[in-house]
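Participant: Before we start, here is the structure in question, set down as C-alpha cells.
The values are calculated or read from the model by the stated rules, or taken from the named source; none is laboratory data. This structure is a prediction, so every number in the text was calculated from the model and none was measured. Quick reminder, even Gly has a Cβ in these numbers, built from the backbone with ideal geometry, and neighbours come from all protein chains shown. Ligands, DNA and RNA are stripped out before the accessible areas are found, and what is left, the full protein with its side chains, is counted by its heavy atoms. Shrake-Rupley method; radii C 1.70, N 1.55, O 1.52, S 1.80 Å.
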Amino acid sequence: MDFSFTEEQNMLRESVRKMLDRVATPAYVRAMDEEARYPYEVYDAIVEMGLISMVFPEQYGGLGGSVIDFAIIAEELGRKSYDLMGAYGTSVFNGLNLLHNGSEAQKRHYLPRLMSGEIRMSISMTEPDAGSDAGAMRTFARREGDEWVINGQKVFSTGAGAKNNIISLYAKTDNSVHYRKGISLFLVDNTLPGIRLRKLDTLGRRSLGTYEVFFDNVRIPADCIVGEPNRGWDYMLSGLQLERLMTTAAYCGAAQDVVDQALAYAKERKQFGKPIGNFQAIAHMLADMQTEVEASRLLMLHAAWLLAQGKDALKVLSMAKLFGSEAYVRAANNGMQIMGGYGYIKEFDMQRHFRDARVTTITAGTSQVQRNLIAKLMGLDPK
C-alpha cells in the first residue's frame, strides 16, 4: 500500500485549509456552536471551491476525484469542527449512494443541483426503537397509484432541517418478509406537507442540528424511490462504508486539533518556573495522544485506499471507525486535563471538542457494534 499523496492531493489539502482558515475562524465556529446555527457560510464556500463536485464523475458535472480526495477534505473540515465535515459529508455520501444506486433520471436531476449547492442531502435511518436494530424499523411507505405514502418517525437525523434539503429516507415497504428484503430508500423533500421537524437540544455537535422527523401521510411521486423496491438494505450497507470513512477522517482531523491546542498550551503555561509540557506526566500524555491520532490516520487511509481500489474495506473501516472514535474521546478528555480550568471555559475550544467527541462512539455505528462486526469478520460469533 502506498499512502503517499500526489502533488495535486497535497495542493488540495493546502487550499482547503487556507479556505477554512479564512471562513471558519475560531470565532465563527464558536458562534455556530453556541447559537446552534447551521454553517451556511462555510457550506457555500465548500460549494464555491468545488469540493462537493470533487468526488463525482465528470459526466454528471463533477471533477472526477477519488475516495482519497474525499478523505482529505473530510479530515481538514474535521480539524475545524466535526459539524463542518457533517454538512459536507452527509451531502456527499448520500449523493454518492444515489450515484451508485439511483436511476439515470435521478442522477441527472439531483446530482448537478447537489454540486451547485441548490440542494443538500441528509439521511434518516434511526428510529426511537430502531437504531442498531434495523429490523425494528416501523416507518412504512405504501404504494398508492403513482405515489408512495409515508407514515412514521425518525430520530437523530443530522442536518434534516437545513434549507433546501433532500432526506434519504429508509422505510419498510414489505412487512411480510425479513427486514433485509423489505426496506426501501426514498428521496424526500423536507418541506413536503405532512413532515414535521423537531430540533433536538444536544450536548455537542450543535451547529449542524439533530432532528426528530415525523411523517404523517407524506405523499411523494413513485419515481422518488431509489433503485428497486425492497433493496434498501443493500443500499444502506453500501452507503455506510462511505459514511464511516468520512466520520473517521473527521475524527482524525478533530483529534489532531485537540493535540495541537493542548501542545501549544503545554508549551506556554508555566508552573514551578517551567512550561508544564516539560513535566514528564504531561509530556507522556501528549506523546500518547499524538501516537493514537497518527495510528487512527493510518487506519483511515488504509480503508480509503481499499475503497479507492474497489476492494472490500468493511473490516478495516470498522477498525478505523472504532479506534478513531475512541482515540478522539481519549484525546479530548486528556486535552481537558492538560488545560485544566481553561479547558472548561466556553471561550476556549477544548470544551467543544470534549462535547463533540463524546457522541462519536455512538453515532455511525456504536463501538459495541463495530467490535461485534470485526469479530464476525474474524470468524467468531459473539453474542
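Participant: In region 331-364, which residues are surrounded by fewer than 18 Cβ atoms within 10 Å (Cβ to Cβ) and among the basic types (Lys, Arg)?
Facilitator: Those that are surrounded by fewer than 18 Cβ atoms within 10 Å (Cβ to Cβ) and among the basic types (Lys, Arg): 346, 355, 358.
Participant: Then there is this: Could you figure out which of (1) more than 27 Å from residue 4 (Cβ to Cβ); (2) open to solvent by less than 10 Å² (accessible area, probe 1.4 Å); (3) touching a Gly at 6+ places or on another chain (Cβ under 8 Å) isn't true of residue 38?
Facilitator: Condition (2) is where residue 38 drops out.
Participant: I'm checking my understanding of the structure. Among residues of region 202-249 that are over 19 Å from the mean Cα position of the chain (by Cα) and of a type in the set (Asp, Glu), which one is farthest from residue 96 (Cα to Cα)?
Facilitator: For region 202-249, the residue satisfying everything is 216.
Participant: May I ask you to say which residue of 78, 102, 86, 95 is touching a strand residue (DSSP E or B) at 6+ places or on another chain (Cβ under 9 Å), under 29 Å from residue 346 (Cβ atoms) and not charged (D, E, K, R)?
Facilitator: Details: 78 fails: touching a strand residue (DSSP E or B) at 6+ places or on another chain (Cβ under 9 Å); 102 fails: under 29 Å from residue 346 (Cβ atoms); 95 fails: under 29 Å from residue 346 (Cβ atoms).
Unique residue meeting the criteria: 86.
Participant: Out of region 374-383, which residues are at pLDDT below 95 and either out of contact with any Lys or Arg (no Cβ under 9 Å at 6 or more places or on another chain) or assigned to a helix (DSSP H, G or I) (or both)?
Facilitator: 381, 383
Participant: Of the residues in region 166-206, how many are over 26 Å from residue 78 (Cβ atoms), part of a loop (DSSP other than H, G, I, E, B) and open to solvent by 30 Å² or more (accessible area, probe 1.4 Å)?
Facilitator: 9
Participant: Where the second residue is hydroxyl-bearing (Ser, Thr, Tyr) and not in a helix (DSSP H, G or I) and the first is at pLDDT 95 or above and surrounded by 15 or more Cβ atoms within 10 Å (Cβ to Cβ) and lies in region 1-30, which pairs have Cβ atoms under 8 Å and are six or more apart or on separate chains?
Facilitator: That search, which allows pairs on different chains as well, returns 24/81; 29/81; 29/207.
Participant: Quick check on my filter: what residues within region 226-274 are in a strand (DSSP E or B) and open to solvent by 30 Å² or more (accessible area, probe 1.4 Å)?
Facilitator: 270, 271, 274
Participant: Restrict the check to region 275-297 and report whether at least one residue is in a loop (DSSP other than H, G, I, E, B) and more than 16 Å from the chain's Cα centre (by Cα). Walk me through it before giving the result.
Facilitator: The first filter runs over region 275-297 and keeps only residues in a loop (DSSP other than H, G, I, E, B), leaving 279.
Then keep just the ones that are more than 16 Å from the chain's Cα centre (by Cα); that gives 279.
Looking for residues that are in a loop (DSSP other than H, G, I, E, B) and more than 16 Å from the chain's Cα centre (by Cα), one finds at least one in region 275-297, hence yes.
Participant: Residues to consider are 113, 138; find the one that is among the basic types (Lys, Arg) and in a loop (DSSP other than H, G, I, E, B). Please lay out each step first, then the result.
Facilitator: On the way: 113 fails: in a loop (DSSP other than H, G, I, E, B).
Checking each option against the conditions leaves just 138.
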